[in-house]
Amino acid sequence: MNEIQLKYGCNPNQKPSRIFMEDGSGLPVTVLNGTPGYINFLDAFNGWQLVKELKEATGLPAAASFKHVSPAGAAVGLPLDATLAKIYWVEDLGELSPLACAYARARGADRMSSFGDFIALSDECDEATARLIKREVSDGVLAPGYTPEALAILKEKKKGGYNIIRIDPDYTPAPIERKQVYGITFEQGRNELDINDELLSHAVTKNKEISGEALRDMKIALITLKYTQSNSVCYVKGGQAIGIGAGQQSRIHCTRLAGQKADNWYLRQAPQVLGLEFTDSLGRADRDNTIDIYIGEEYEDVLREGEWQKRFKVKPPVFTGEEKKAWLAGNQDVTLGSDAFFPFSDNIERAYKSGVKYIAQPGGSVRDDLVIECCDRYGMAMVFTGIRLFHH
C-alpha cells in the first residue's frame, strides 16, 4: 500500500490527512482492523522505535504505552510479583507471557496517563497479551505480527473498531529525516545513538558501583527519553519506567513531575491501598481514579459521607502524610535518566526523595561539580554520557 487516508490530522479541522512514502514505495505498515488516525500513527511509530531498541538493548520483549506522542510507560518482560499483579489488575489472569508482563508493566506504571493509549509491542502479539489489552481502555496497538488467536480477540474490542496495525520488523528508515513546520522543511540525520555499556561507563561520583540491574535500568531510562518530548526525565525500577516527566520548560519541573509519578507508583503498593475494599460494580478505570485521589492531597473527595459509599464496601481510614512518608522511605535503588544535564543540585535533592541511587545524564553544566558533590553526599552513582537526547 502506497498511502493510507486518515480521517483528519491532529484536529478535526485539519484536512486532508494521509501517511505515505515520499519515494513512492509501499508503506511498511498494514492496518488489519479499525481506522487509525494521525496521532495514532505518531504514537505507534515512536512506540515501535522505543520497544525495538529496548529489546535490542536488553534481550527481553518490550512494550510501550504512548499518549500524545510521549510514553506514559515503557517496560521489558520481567515476571510480575503478587503485589505488582494486584496493582496492575492482572492477578486474575494467571501466568502471563513475557510480552504480556511487559505491557502490564508499561501500562501499570502510570495508569492514569494510559487511558486511551496506543500500544507498541516488540514481538508478535500472543493470546495472553491480547486478553490483557482487550480489557483496558486503549485506542490501538502496533506489533510485528499477531497470532490468529490474538487477532481474533483484539478484533472484538471497541465493537469491532479497535485499531490493529502490523509493521514490517525489517523496515529501515532513511538516514535523513524531514518534516515541515509553517511550510518550511527541516532536515536532520536520524538519532541512531546506541545506548550501550560503553556509553554508560563514565562514572563521575565516588560511588562507581553499578549493578547489572541498574545498568539495564539506565538503558531503559535513556531509550525511553529518546522518544519523549523534551525536556524530559525518567525514573526506572525493576525493568520498567515508573515515572516520566515530559515536555516541561524547566529541568526541575521534569524531575518533580516524574518523581511524583514514581511516588504514586510505590504508594499504590502500600498496605493501606492494597487493602481497599471496592464495591463490586466499580470498574478498573474508576478504581484507578479512586486510588489516585485517595493517595493524594484531595483524599476527602472520596472519603466524605455520600461519596465513599459509591466506591467502597467499607470506609477506609485516611492514609496520613506521616504514613505515606514512612512507606515511601522504603523505595530504594531507583534509576534516573535525564535527556540533558542537570543545571542545579536541586534535581538530585528531589530525586533522592524518590529513592534514586543511580543516575545517567549527559553532564556539561557549569555546576557539574555541585551536582556531583550532592550525589556523593547521598552515596549515589552517576555516569556522564556526554550525549543529549532531545526529542521534538
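Having 2 or more residues that are without any contact (Cβ under 8 Å) to a residue 60 or more places away in the chain and more than 25 Å from the chain's Cα centre (by Cα) is the bar; report the strands (runs of 3 or more DSSP E) wholly within the stretch 4-67 that clear it.
Counting at least 2 such residues, we get 18-20.
Given the options E56, E91, E95, E3, name the one that is out of contact with any Lys or Arg (no Cβ under 7 Å at 6 or more places or on another chain), within 28 Å of H391 (Cα to Cα) and not hydrophobic (A, V, I, L, M, F, W, C).
None of the other options fit; the residue is E56.
Provide a single number: the residues in the stretch 91-114 that are open to solvent by 50 Å² or more (accessible area, probe 1.4 Å) and either in contact with a helix residue (DSSP H, G or I) (Cβ under 7 Å, 6 or more places away or on another chain) or hydroxyl-bearing (S, T, Y) (or both).
3
Exactly one condition in (1) touching a His at 6+ places or on another chain (Cβ under 8 Å); (2) surrounded by fewer than 20 Cβ atoms within 10 Å (Cβ to Cβ) is false for D43; which is it?
That leaves (2) as the condition not met.
Search the stretch 318-334 for residues that are closer than 23 Å to G239 by Cβ and pair each with any residue that is open to solvent by 70 Å² or more (accessible area, probe 1.4 Å) and outside any helix (DSSP H, G or I) when their beta-carbon atoms are under 9 Å apart and the residues are at least 6 apart or on different chains.
From the stretch 318-334, the pairs are Q332/K357; D333/K357; V334/K357.
Considering only the stretch 279-298, state which residues are touching a strand residue (DSSP E or B) at 6+ places or on another chain (Cβ under 8 Å) and surrounded by 16 or more Cβ atoms within 10 Å (Cβ to Cβ).
R287, T290
Which residue is farthest from Y352 (Cα to Cα), if the candidates are limited to the stretch 218-242 and must be in a helix (DSSP H, G or I) and of a type outside the set (A, V, I, L, M)?
The qualifying residue farthest from Y352 (Cα to Cα) is K226.
Take the conditions part of a helix (DSSP H, G or I), free of Cβ contacts under 8 Å to residues at least 24 places away in the same chain and open to solvent by less than 50 Å² (accessible area, probe 1.4 Å) and apply them to A85. Does it pass?
yes
Any residue in the stretch 250-257 that is open to solvent by 40 Å² or more (accessible area, probe 1.4 Å) and either more than 20 Å from the chain's Cα centre (by Cα) or acidic (D, E) (or both)?
no
Return the residue satisfying two criteria in turn: it lies in the stretch 205-230 and is open to solvent by 30 Å² or more (accessible area, probe 1.4 Å), over 15 Å from T58 (Cβ atoms) and of a type outside the set (D, E, K, R), and of such residues it is farthest from the chain's Cα centre (by Cα).
The selected residue is N207.
Taking the condition of being farther than 27 Å from Y171 by Cα and of a type in the set (S, T, Y), how many residues in the stretch 98-124 meet it?
The number of residues fulfilling the criteria is 2.
With the requirement that a residue be open to solvent by 30 Å² or more (accessible area, probe 1.4 Å) and in a strand (DSSP E or B), what does the stretch 123-145 give you?
D139
Please list, ordered by first then second residue, the pairs with beta carbon atoms under 7 Å, 6 or more apart or interchain, first in the stretch 261-275 and more than 22 Å from T335 (Cβ to Cβ), second acidic (D, E) and open to solvent by 30 Å² or more (accessible area, probe 1.4 Å).
Q272/E323
The values are calculated or read from the model by the stated rules, or taken from the named source; none is laboratory data. Source: prediction; values computed, not measured. Glycine gets a Cβ as well: all are built from the backbone with ideal geometry, and neighbour counts include every protein chain shown. Calculation scope for accessible area: heavy atoms of the full protein, side chains included, ligands and nucleic acids excluded. Shrake-Rupley method; radii C 1.70, N 1.55, O 1.52, S 1.80 Å.
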